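**Q** Input: one structure, supplied below.
The values are calculated or read from the model by the stated rules, or taken from the named source; none is laboratory data. None of these values were measured; they are calculated from a predicted model. Here the Cβ positions follow ideal geometry from the backbone for every residue, glycine too, while neighbour counts run over all protein chains shown. The accessibility values were calculated without ligands, DNA or RNA, using every heavy atom of the protein model including side chains. Shrake-Rupley method; radii C 1.70, N 1.55, O 1.52, S 1.80 Å.
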Amino acid sequence: MKGKLFYAGLIISFVLTGIAHYMHMNTTLQFVIACIAIIFVAGFLGKATESVAHYAGERVGGFLNATFGNAAELIIAIFLVKDGLYDIVKASLTGAIIGNLLLVLGLSIFAGGLKFKEQSFNVKLASHNSSLMILGVVALFIPAIFTGGLTSKETSTMSMIVAILLIVAYLLWLLFSMVTHKSILSDASIEHGEAAWSKTTSILFLVLSTVMVAFTSEWLVGTLEEVTHKFGFSELFVGAFLVAIIGNAAEHSAAVMMAMKNKMGAAVEIAIGSSLQIALFVAPVLVLVSFFMSGTPMNIVFTTYEIAAIGVAVFITKSITQDGSTNWYEGLLLLFVYIILGVVFFLV
């Protein structure tokens, strides 16, 4: 009975959100309905991820969740790039990175820590994640420091080269972690009963839930400009925090659900893995896409505020996850840093 009510709510809220969007109803009403729909879609995506992880393992399940979630974000960002809205794209990428590292991982660790005294995941994976996060910071920090002495053409060339190197580094990481060193970086198998669906159905539902995430998120984000204008929020705050939080709400909840089932390996893969994918793959791909669309690439030079926020997020996340174990207090520390950054971005 409970399951039937959930799926009824999922279908009804999704359909109503679509109707409200395409019928151009009151923006505030669209926002409220979309918020309700995202809650149901979040639960659907979480169940699909958990079911896939049952068959493929926590890391692969988490990786698929992060990839499908970022695919929707990438598509939306490509349309923004096509319109030349590079600053909004960078702000949203920054928000996605720090949101995953601080908000998603923080909530996951806190929620899981309330249920389990200590949770653990592969310590070697934690070490490699830390190194990759630092690579992402270096790739953003160096261009920003040296761009002042470069011409516009040289900055574009530098951005293209750095983007290609980051994509190669990420693809080689997938080869390393999923193929050549898969056994070393995988977590110990933890059984939690039977999967909700068969393997084929689980994959189909993961794809379907991701498509629903893409539509619902886009409809929700589309109402933000008018809704947030009433409260006087800045574009930086909206792009880096509100868009990132609401646009990825479904993916975020999946990580929390995994942590509460003591599947911290999958939660870490969704949170940290998603941030790494954005920094090392999605952002560089957008640089290349912008070049092929306009002939002039979106440069990879982020603002001082954005680099500082990402650097702080990586620093605290590395400190907390490097030992491969977590507890509820460490989750709170991540959330506190996120709140501090949110307050500063709101006031800037």
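**Q** I need the shape label for segment 38-163. Rule: rounded when a/c is under 1.5, else prolate if a/b > b/c, else oblate, with a, b, c from the alpha carbon gyration tensor.
**A** Details: a/c = 2.42, a/b = 1.68, b/c = 1.45.
Taking the square roots of the gyration eigenvalues as a ≥ b ≥ c, segment 38-163 is prolate.
**Q** Additional query: At q = 0.17, 0.21 Å⁻¹, what is the base-10 log of I(q)/I(0) for segment 277-339 according to the Debye formula with one equal point scatterer per Cα and no solvent? Please give it to two decimals.
**A** Reported log10 I(q)/I(0), two decimals: -0.73, -0.89.
**Q** How long, wide and thick is segment 95-165, going by the Cα atoms along their three principal axes, in whole angstroms, largest first?
**A** 55, 25, 17
**Q** DSSP loop (so not H, G, I, E, B), at most 11 other Cβ within 10 Å: list which trypsin sites (Lys or Arg not before Pro) in segment 84-183 pass both filters. Walk me through the numbers before you get to the answer.
**A** Details: sites: 90, 115, 117, 124, 153, 182; in loops: 117.
In loop regions of segment 84-183 (DSSP not H, G, I, E or B), the sparsely surrounded trypsin sites (Lys or Arg not before Pro) are 117.
**Q** Which of the trypsin sites (Lys or Arg not before Pro) across segment 210-316 are loop residues per DSSP, with 12 or fewer other Cβ within 10 Å?
**A** Working: sites: 230, 261, 263; in loops: 230, 261, 263.
Taking segment 210-316 and a limit of 12 other Cβ atoms within 10 Å, the loop trypsin sites (Lys or Arg not before Pro) found are 230.
**Q** Leaving ligands, DNA and RNA out of it, report the carbon-plus-sulfur percent of the accessible area of the chain at a 1.4 Å probe.
**A** Carbon plus sulfur share of accessible area: 71 percent.
**Q** While we're here: Go ahead and estimate [θ] at 222 nm for the chain from helices alone: -39,500 (n - 2.57) per DSSP H run with n ≥ 4, summed, over the residue count, rounded to 500. Don't skip to the end; give the middle numbers.
**A** On the way: 15 runs with 264 residues, N = 348.
Per the formula, -25500 deg cm²/dmol.
**Q** Between segment 34-86 and segment 104-180, how far is it from one alpha carbon centroid to the other, in angstrom?
**A** 19 Å
**Q** If you count only protein heavy atoms with a 1.4 Å probe, what accessible area per residue comes out for the chain, rounded to a whole Å²?
**A** Working: 16000 Å² over 348 residues.
Computed with neighbouring chains in place, this is 46 Å² per residue.
**Q** Cross-link partners among lysines for residue 90, C-alpha distance below 25 Å, same-chain residues fewer than 8 apart left out?
**A** Within the straight-line limit of under 25 Å, residue 90 reaches these lysines: 82, 153, 230, 318.
**Q** I've got another one for you. Could you work out the mean projected area of the convex hull around the alpha carbons of the chain, in square nanometres to one decimal? Spell out each step's value before the answer.
**A** On the way: hull surface 69.7 nm².
Mean orientational projected area (the chain, Cα hull): 17.4 nm².
**Q** So which of 117/182; 4/47; 115/199; 47/182; 4/117 end up more than 22 Å apart, counting from Cα to Cα? Present the calculation step by step, with values, prior to reporting the outcome.
**A** Values: 117/182 28 Å; 4/47 14 Å; 115/199 29 Å; 47/182 25 Å; 4/117 33 Å.
Long pairs (Cα-Cα over 22 Å): 117/182; 115/199; 47/182; 4/117.
**Q** Under the rule a/c < 1.5 gives rounded, and otherwise a/b versus b/c splits prolate from oblate, where does segment 46-115 land using the Cα gyration tensor?
**A** Numbers: a/c = 4.00, a/b = 1.63, b/c = 2.45.
Here segment 46-115 falls in the oblate category.
**Q** Now for a separate question. For segment 20-116, what is the relative contact order in percent, using Cα pairs closer than 8 Å and at least 6 residues apart in sequence? Before the final figure, lay out the partial values.
**A** Details: 20 pairs, mean separation 9.5, N = 97.
Taking the mean separation of contacting Cα pairs over the length of segment 20-116, I get 10 percent.
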